[in-house]
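Read through the structure below, which is laid out as structure tokens, and then see the notes.
The values are calculated or read from the model by the stated rules, or taken from the named source; none is laboratory data. Small disclaimer: the values here were computed from a predicted structure and weren't measured. Don't worry about glycine lacking a Cβ; one is built from the backbone with ideal geometry, like all the others, and counts go over all protein chains shown. When the accessible area is computed, the model is the full protein with side chains, heavy atoms only, and any ligands, DNA or RNA have been set aside. Shrake-Rupley method; radii C 1.70, N 1.55, O 1.52, S 1.80 Å.
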Amino acid sequence: MIYNFDKIIPRQGTDSVKWNQQELKDLIPLWVADMDFPAAQPIVDALMQRVAHGIYGYAKVPDTFYQAVIAWSKRRHGFDLQPKWLLPVLGVVPALSAIIKAFTVAGDKVLIQEPVYHCFFSSIERNQCEVVSNDLIYKDGKYTIDFDDFEAKASDAKVKLFILCSPHNPAGRVWTRAELERLGGICLKHGVKVVSDEIHCDLVFEGYKHIPFGTISPEFLANSITCIAPSKTFNLAGLQVATVIAADPDLNKKVQEAFLVNEISSISPFAITGLITAYQEGEEWLQQALSYIHDNYSYLKHYLATHLPALGLTALEGTYLAWVDCTALNCSSRELGQLLLQDAHLQVNVGAMYGKQSDQFIRLNIACPRRILEEGLGRLKDALQPLL
Ligand SMILES: Cc1ncc(COP(=O)(O)O)c(C=O)c1O
């Protein structure tokens, strides 16, 4: 079926974090990573059917859940999974937090690559560990990896884990095989386990290919724990479900125990129905959503080049989160965020959330109907042009 991504469905009054955090009736929220598109029709139908049953007791994860994850990963990414490697969980962030707790002791270090998804910081720090960043290099609108710095940091015996964000939020990179090989090789050499957060793996644009970290070699597979989910891909974040892949039996046991200790493996009947239907019947919707989001990216690129040419736009290889360089404005991202909210009623994510060296950036979520994006960019232009 053909989906209409232009249709605006009001989300005010639906307890949406994105739309209802501010009490502004005319707010345009281009922040928080969920989409303003309804889910694929088969998912809506399956959930309606489940709701109509009327009994919502505790759920047992059925075999079809594992089969759906396996078939999807094989078909879309060439990742051959076995059911016993898969651990259902309430979300990627709860999984990351439990994994950090299980594989570190207080005072250990966890390696990340700033700028990066802000919950990595909180998950590490709440587990009394230290964040060590192999800062990405930003040059000519693109992020790359400083491998010498990565190796220097990974060789610290206190570094126990590397949390890889692949594809990378907010840098928009879809890492190449060569990049992943070098990162993984360094981690193997220094005994650092890799936790590969691949939540954005299905949101990759033409010309790029997501390489699951675990497919690179049997050694990489054995040294890694991978997190995947239908939440970003199919706009199901509120259903709270993810799958963790741990192929090595010892790693798998340890992760399984960590999930039990933290009580995060019991997922809801709606999560089960949503995940199975998404992976089995959501592909047609996803293809159309990706194409629409890419058109939004082209629109954004053209709009900035025309009206705010002093701002830079990072190339978006994957994810629906555009990363805008506002260095020319000469103010901090928090000041900018405040100004946009107060004067323009436009909510964005401020760069400072993602690390110490990205205070001149803002992040825009472009997974919304074009008219919302147009309105948001119009407000951005009106608020920022006087500053330039
Ligand atoms: C890289 C990354 N990991 C995890 C999450 C959130 O995962 P979950 O909602 O499953 O906890 C996000 C959400 O934006 C993300 O960008």
Tell me, yes or no, whether the stretch 294-302 has at least one residue that is in a loop (DSSP other than H, G, I, E, B), at pLDDT 95 or above, closer than 26 Å to THR176 by Cβ and within 22 Å of the chain's Cα centre (by Cα). no
Any idea which of (1) closer than 25 Å to ASP80 by Cβ; (2) within 16 Å of the ligand (Cβ to nearest atom) is the one ALA171 doesn't satisfy? (1)
Pick from the stretch 174-200, criterion open to solvent by 10 Å² or more (accessible area, probe 1.4 Å) and closer than 27 Å to ALA237 by Cβ, ranking: farthest from the ligand (Cβ to nearest atom): LYS193
Looking at the structure I just gave you, is ILE28 touching a Ser or Thr at 6+ places or on another chain (Cβ under 8 Å) and buried (at least 16 other Cβ atoms within 10 Å of the Cβ)? no
From the options MET35, MET1, residue that is outside the structural domain of PRO269 (by TED's automatic domain parsing) and closer than 20 Å to LEU239 by Cα: MET35
So LYS160 passes all but one of these: (1) closer than 30 Å to GLY312 by Cα; (2) among the basic types (Lys, Arg); (3) surrounded by 17 or more Cβ atoms within 10 Å (Cβ to Cβ). Which condition number does it fail? (1)
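Condition check ((1) more than 28 Å from GLN347 (Cβ to Cβ); (2) at pLDDT below 95; (3) more than 16 Å from the ligand (Cβ to nearest atom)) across all residues:
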| position | (1), (2), (3) |
| --- | --- |
| PHE5 | no, no, yes |
| SER16 | no, no, no |
| LYS25 | no, yes, yes |
| PRO42 | yes, no, yes |
| MET48 | yes, no, yes |
| VAL61 | yes, no, yes |
| ILE70 | yes, no, yes |
| ASP80 | yes, no, yes |
| TRP85 | yes, no, yes |
Restricting attention to the stretch 235-254, the residues that are surrounded by 23 or more Cβ atoms within 10 Å (Cβ to Cβ) and of a type outside the set (Ser, Thr, Tyr) number exactly 8
Given (1) touching a Lys or Arg at 6+ places or on another chain (Cβ under 9 Å); (2) closer than 30 Å to LEU377 by Cα, index of the condition THR14 fails: (1)
If you go through the stretch 1-25, how many residues are of a type in the set (Gly, Ala, Ser) and open to solvent by 30 Å² or more (accessible area, probe 1.4 Å)? 1
Got at least one residue in the stretch 41-60 being open to solvent by less than 30 Å² (accessible area, probe 1.4 Å) and within 30 Å of ARG379 (Cα to Cα)? no
Residue tally, condition touching a residue at least 12 places away in the same chain (Cβ under 8 Å), of a type outside the set (Lys, Arg) and more than 16 Å from TRP175 (Cα to Cα), over the stretch 133-153: 3
Of the residues that make up the stretch 321-334, is at least one among the hydrophobic types (A, V, I, L, M, F, W, C) and part of a loop (DSSP other than H, G, I, E, B)? yes
Output for the stretch 89-114, where each listed residue is within 12 Å of the ligand (Cβ to nearest atom) and touching a residue at least 60 places away in the same chain (Cβ under 8 Å): VAL89, LEU90, GLY91, VAL92, PRO94, ALA95, LEU96, SER97, ALA98
Taking ASP343 as meeting all but one of (1) under 20 Å from the mean Cα position of the chain (by Cα); (2) modelled with pLDDT of 95 or more; (3) surrounded by fewer than 17 Cβ atoms within 10 Å (Cβ to Cβ), write down the number of the exception. (1)
Step by step: first the residues of the stretch 115-136, then only those that are over 20 Å from PRO167 (Cβ atoms) and crowded, with 20+ Cβ neighbours inside 10 Å, then the one that is farthest from the ligand (Cβ to nearest atom). Which residue is that? CYS129
Subset of the stretch 291-328 [more than 16 Å from the ligand (Cβ to nearest atom), closer than 25 Å to PHE234 by Cβ and open to solvent by less than 30 Å² (accessible area, probe 1.4 Å)]: TYR292, ASN296, TYR297, LEU300
Report, by residue number, each residue of the stretch 66-91 that is under 20 Å from the mean Cα position of the chain (by Cα), surrounded by fewer than 23 Cβ atoms within 10 Å (Cβ to Cβ) and closer than 22 Å to LYS253 by Cα. LEU86, LEU87, PRO88, LEU90, GLY91
Any hit, the stretch 159-176, residues being charged (D, E, K, R) and over 21 Å from VAL92 (Cβ atoms): no
